[in-house]
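Just so you know, all these numbers are worked out from the coordinates, no wet-lab data involved. It should be emphasised that the depicted structure is a prediction, and the values quoted were computed from it without experimental measurement. Every residue, glycine among them, receives a Cβ derived from its backbone with ideal geometry; neighbour counts consider all protein chains shown.
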Amino acid sequence: MAEKPEKSKAAQLKEKLAAKKPGGALTLEKEKIALADEFCEGYKAFINTSKVEREAVKTTEKIALEHGFEKYDVTRSYKPGDKIYVINRGKNIGLAVIGKNGTKNGVRLVIAHIDSPRLDLKPNPLYESNDLAMFKTHYYGGIKKYQWTAIPLALHGRIVRLDGENIDVSIGENDDEPCFCVSDLLPHLSREQSAKPVAKAFTGEDMNVLIGSRPFNDDKESEQVKLNILNILFEKYGIVESDFLSAELDLVPAFKARDIGFDRSLIGAYGHDDKVCAYPGVMAAVTVENPEDTFITFLCDKEEIGSDGNTGMQSAFLRDFIADLAQADGVEYRHVMAKSTCLSADVNAAFDPNYPSAFEANNSSYLNGGVIITKYTGSGGKYDTSDASAEFMGQVRRMLHKNDILWQTGELGRVDLGGGGTIAKYIANLNVDVVDLGVPVLSMHAPFEVVSKVDVYMAYLAFVAFFET
Ligand code: MN
Ligand code: MN
């Protein structure tokens with residue numbers, strides 16, 4: 001038998017010193033991939049019922065209640081192992097499990113956002129034009145407007161009537177319901193449109209949604225088609241036109257989450273950013289029992305428009321909740337924050353083989369490469385971001401390594417090509433160690449985004465490990 005040739009000196013040294021390229025899902029055992037597939041069945045169900053933040057809060061509350069969480073009561077005292085949840089204005093939810101140490105060694109935070117880019121209705125949305133009824137919209141978050149034309153849209157949200165009644169709306173998701181769409185110009189007549197830069201070819205004021213075309217009756221009144229829509233809305237929801245003034249109505253893609261690829265390894269859906277981190281965060285919170293330190297999975301709103309407002313991450317809501325927990329433990333809130341750590345659970349752009357030049361191959365995340373740790377986001381010379389410390393990066397890396405979790409690091413695309421941010425900087429400003437850790441996404445912010453099932457499952461394992469250690 002021939003002797004196995006010894007590795008060359010260079011090969012040995014390489015093995016010792018050079019960073020190993022993540023092998024992706026290729027390196028995973030079959031059993032782990034099967035677990036990922038199973039986990040993602042739950043994720044698809046979650047995302048289908050969580051298209052807007054209010055719905056994500058409701059879906060999450062249901063999961064929390066099924067797992068023995070109780071609504072937080074500031075007048076009660078809690079003991080280690082107790083599971084509680086808080087809701088802010090129907091648009092944020094936090095799931096916390098009280099640790100053996102309470103908050104005195106800091107809290108562990110996993111924070112994801114549950115708002116996604118979409119088309120919101122303007123306060124005066126309804127009008128008639130050339131015998132068609134239309135809604136005026138104002139887009140929410142960063143969208144490429146052309147992607148939102150000529151696709152089925154569903155309407156979600158809440159209308160508050162003058163009598164104070166709240167009317168929840170969800171129409172266009174089921175096959176037996178009507179849906180809506182923004183028209184686009186046919187290619188035959190697009191010579192002028194096609195010659196423009198994309199940002200100018202599709203403007204915000206073009207994003208008008210088709211909602212009806214039949215008149216109310218044959219009386220000689222103006223705007224009969226609009227009147228007919230008002231009549232339908234009155235019969236269905238008991239609303240009049242002025243009730244749109246006190247409403248939050250969002251048009252979102254009417255697609256359901258679908259497996260992508262012959263091998264079903266990927267999921268296409270609307271709103272992966274950032275429900276794809278929210279769901280693993282929620283499931284980690286209902287998995288880990290009796291932690292050492294109190295942990296919280298928090299789902300925030302308004303990330304896509306700068307985290308402002310009382311349901312955005314710059315709001316005092318989460319801080320005040322932690323302050324209440326600290327007070328109950330007899331410790332100062334500021335001392336709790338100084339010892340706290342956070343995984344800002346948000347997506348990053350996966351390397352796209354169709355657009356390789358937008359990425360720098362050595363510092364990009366890849367589908368099936370596992371969770372992506374993003375040390376800093378921002379734009380230009382690292383503006384508008386928190387840059388995680390080497391120490392905290394080291395801590396997170398050790399945790400992932402120890403728990404055999406597939407992970408990778410990367411930036412958001414090529415330097416100076418654009419940029420973006422997450423909630424990490426707002427948490428860092430509270431004197432907390434934080435880094436972005438989430439799932440790589442293809443076609444981010446498109447009506448139909450793509451993620452890998454393995455990566456979604458790795459996010460769950462990472463959050464479980466974070467809460468457990
Ligand atoms: Mn995001
Ligand atoms: Mn986003």
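The Glu177 and Arg319 beta-carbon pair, evaluated with R₀ = 56 Å, returns a calculated FRET efficiency of approximately 0.85.
Anisotropy class assigned to the chain is oblate, per the alpha carbon gyration tensor with a/c at or over the 1.5 cut-off and a/b no larger than b/c.
With contacts taken as Cα pairs under 8 Å and at least 6 residues apart, the range 326-454 reaches a relative contact order of 38 percent.
For Glu31 and Ser213, a Förster radius of 35 Å and the Cβ-Cβ distance give a FRET efficiency of 0.05, rounded to the nearest 0.05. Legend: distances between Cα atoms for Lys58/Lys79; Lys51/Lys275; Lys145/Lys196; Lys91/Lys275; Lys58/Lys453; Lys425/Lys453; pairs beyond 18 Å are Lys58/Lys79; Lys58/Lys453; Lys425/Lys453. Taking a cut-off of 19 Å between Cα atoms, list the aspartates and glutamates near Lys20, but don't count ones fewer than 8 places away on the same chain. Those aspartates and glutamates meeting the cut-off are Glu29, Glu360, Asp404, Glu411, Asp455. Modelled this way, with points 7 Å down the Cα-to-C-beta line, the labels at Arg76 and Leu189 are 6.2 nm from one another. Over the chain, Cα pairs under 8 Å with separation of 6+ residues give a relative contact order of 21 percent. Each DSSP beta bridge with both residues in the chain is either parallel or antiparallel, and the antiparallel ones are about 70%. Adding -39500 (n - 2.57) for every DSSP H run of four residues or longer, then dividing by how many residues the chain holds, sets the calculated 222 nm ellipticity at -8500 deg cm²/dmol. Each of the peptides 63-73, 87-97, 318-328, 207-217 was scored by the mean count of other Cβ atoms within 10 Å over its residues; in descending order, highest first, they stand as 87-97, 318-328, 207-217, 63-73. Efficiency by 1/(1 + (r/R0)^6): what FRET value for Glu165 and Asn362, r their Cβ-Cβ distance, R0 = 51 Å, to the nearest 0.05? Between Glu165 and Asn362 the formula returns 0.35. Considering Cα pairs under 8 angstrom that are at least six residues apart, work out the relative contact order of the range 118-253 and quote it in whole percent. It comes to 38 percent, rounded to a whole number.
Working ranking of peptides 118-124, 79-85 by packing, defined as the average number of other Cβ atoms within 10 Å per residue, highest first, is 118-124, 79-85. Ranked by the mean number of other Cβ atoms within 10 Å of their residues, highest first, the peptides 41-52, 385-396, 98-109 fall in the order 98-109, 41-52, 385-396.
Of all lysines in the structure, those lying under 23 Å Cα to Cα from Lys226, and not within fewer than 8 positions of it along the same chain, are Lys122, Lys136, Lys236. Counted by neighbouring Cβ atoms within 10 Å, the residues Met283, Met399 run from fewest to most as Met399, Met283. In a fully extended conformation the segment linking Ala19 and Asp404 would gain 137.0 nm over its present Cα-Cα distance, using 0.36 nm per residue.
Once both labels are positioned 7 Å from their Cα atoms along Cα-to-Cβ, the gap between Glu41 and Val198 label points is 3.7 nm.
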